[in-house]
Every structure is written in structure tokens, then in C-alpha cells.
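So that we are looking at the same thing, I have put the structure below in C-alpha cells.
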Amino acid sequence: MQAMTTVTVLLLTLWSSHFTTGQIPNPDQYRFTWTSDGVAQERYAIDKKAGKMSRLWFSNTGDEEFGGNQDIYVRDDSRTYLFNFMAQPPQCIANRGGPYNEMNFWPNLVQSFGGEQKKYDELLFDPDCDGTCLTWKTEYNETYHHYRYVNRLYVKKAEKKPIKIVLKTYDLNTGSLVSTSVTRFINWVTGNVPDYEYDYPMDLETCFKP
């Protein structure tokens, strides 16, 4: 009887482990930079537990040394600060409340692929994952331009780390591939976010408060 109980517990543990590793990661604390077709677009630092957020848009050249605009929200301040470095001179606007959409950037993306409880659709070998990727897929037709879009999220199985989203566009009539666009999540880190991610780059006394 004891042996049977041990085996049952072992099987349940293995099943639970497999189920957990087959879900889309959806942490409350994370940092990453996302690139579109090789050009850096935005840098996110989110800590929902602490109520803090930083979202940095890079310049049009994608050079990470030169920021375009930046949103910083700290719940204790009850304001979202927009720093516009592309204006001359740079400007700061302090809006009341929090940036709901930006704070929920990753949860919204996860939801678009079926939610964090949805098991992966397919296991694929991909060099960007150093081996096996868990993938989730969405697809839809756009009849006006006669395109079919296939969007696939890749998560590195070994580390449960989001790697990229690959969007493929097909001709709806012929089925031939029209284009491929790749969004990558680089420097992905989960866990406590350092306070320096939320350092204000300007004197807040100079901010316009509508």
C-alpha cells in the first residue's frame, strides 16, 4: 500500500511539473527589451507588487544610448511621468493616476495567446531557444487584402523564458509566404526589479502638472 502511494505521488508530481512548464510565463516582476526585426523599440521594467513601471521608447535609429520618450509610474506618487527627450528642451508632464495599459503589457500579450493557463500548442526545435521551444499560435484571415496571418510565441522550455514572436503573412489565395516579421524579447529578467530602473531622469519640480 505504501509503495502504491509513493508511485501515485510521484506520478502526480511529474504530471504537475509537466503542466506547469507547459504554461505561458506571466510574472508580476520582470524586465526586458523588445526589438522588431533587429531594431530596439522599447525597454520595460514592471513591478506590479511594488506598483512601479518604466517604459522607455528608443530613438528612431534604435540606438539604446539615446532614448526617445519614457513613462515612469510609482504608485506612491499617484502620477505617471512622461519624459520627452525628443523635444528641445526636454519636457516632463506629470499626469494623475497610473498607466493601466502599460502596466498590463505582458498580461495582455499572454491573454492574446490564450492566457497563462493554456498549454502550449507545439514543441519546436529552434536555435534561439538553444534547443526546444514551447510555442503558442494564433491565426486569422484578413479578407480585404487576402492575407492569412500566423502569429507564434516562442518560450525557451529549459528556462521558461519568452524569446520571440514570429508573425508570418501568407497569400490567402495561393498559400505562399508573403513576409516574416520577428519581435524578440532580449535581456529578459524576472524577480525583484532594482530601484535604479525607476530613477527619474529630470527634476520633477520642472514637470508640468495638468
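The values are calculated or read from the model by the stated rules, or taken from the named source; none is laboratory data. This structure is a prediction, so every number in the text was calculated from the model and none was measured. Note: ideal-geometry Cβ built from the backbone for every residue, glycine included; neighbour counts use all protein chains shown.
Go through region 119-158 residue by residue and tally those that are under 15 Å from residue 22 (Cα atoms) and either of a type in the set (Gly, Ala, Ser) or outside the structural domain of residue 170 (by TED's automatic domain parsing) (or both).
Number satisfying all stated conditions: 1.
Filter region 96-124 for residues that are assigned to a strand (DSSP E or B) and modelled with pLDDT of 90 or more and give the result.
Those that are assigned to a strand (DSSP E or B) and modelled with pLDDT of 90 or more: 122, 123, 124.
To continue, here is another question. Filter region 138-171 for residues that are under 16 Å from residue 110 (Cα atoms), surrounded by 16 or more Cβ atoms within 10 Å (Cβ to Cβ) and among the polar types (S, T, N, Q) and give the result.
Correct list: 151 only.
Here's something else I'd like to know. Looking only at residues in region 128-171 that are of a type in the set (Ser, Thr, Tyr), part of a strand (DSSP E or B) and without any contact (Cβ under 8 Å) to a residue 24 or more places away in the chain, which one is farthest from residue 114 (Cα to Cα)?
It comes out as 170.
Something else now. Do you know which residues across region 117-136 are within 27 Å of residue 55 (Cβ to Cβ) and surrounded by 14 or more Cβ atoms within 10 Å (Cβ to Cβ)?
Correct list: 118, 129, 133, 134, 135, 136.
Being among the β-branched types (Val, Ile, Thr) and assigned to a loop (DSSP other than H, G, I, E, B) is true for just one of 174, 183. Which residue is that?
Answer to the check: 174.
State yes or no: is residue 193 in a loop (DSSP other than H, G, I, E, B) and crowded, with 17+ Cβ neighbours inside 10 Å?
Numbers: in a loop (DSSP other than H, G, I, E, B): yes; crowded, with 17+ Cβ neighbours inside 10 Å: yes.
Answer is yes for this residue.
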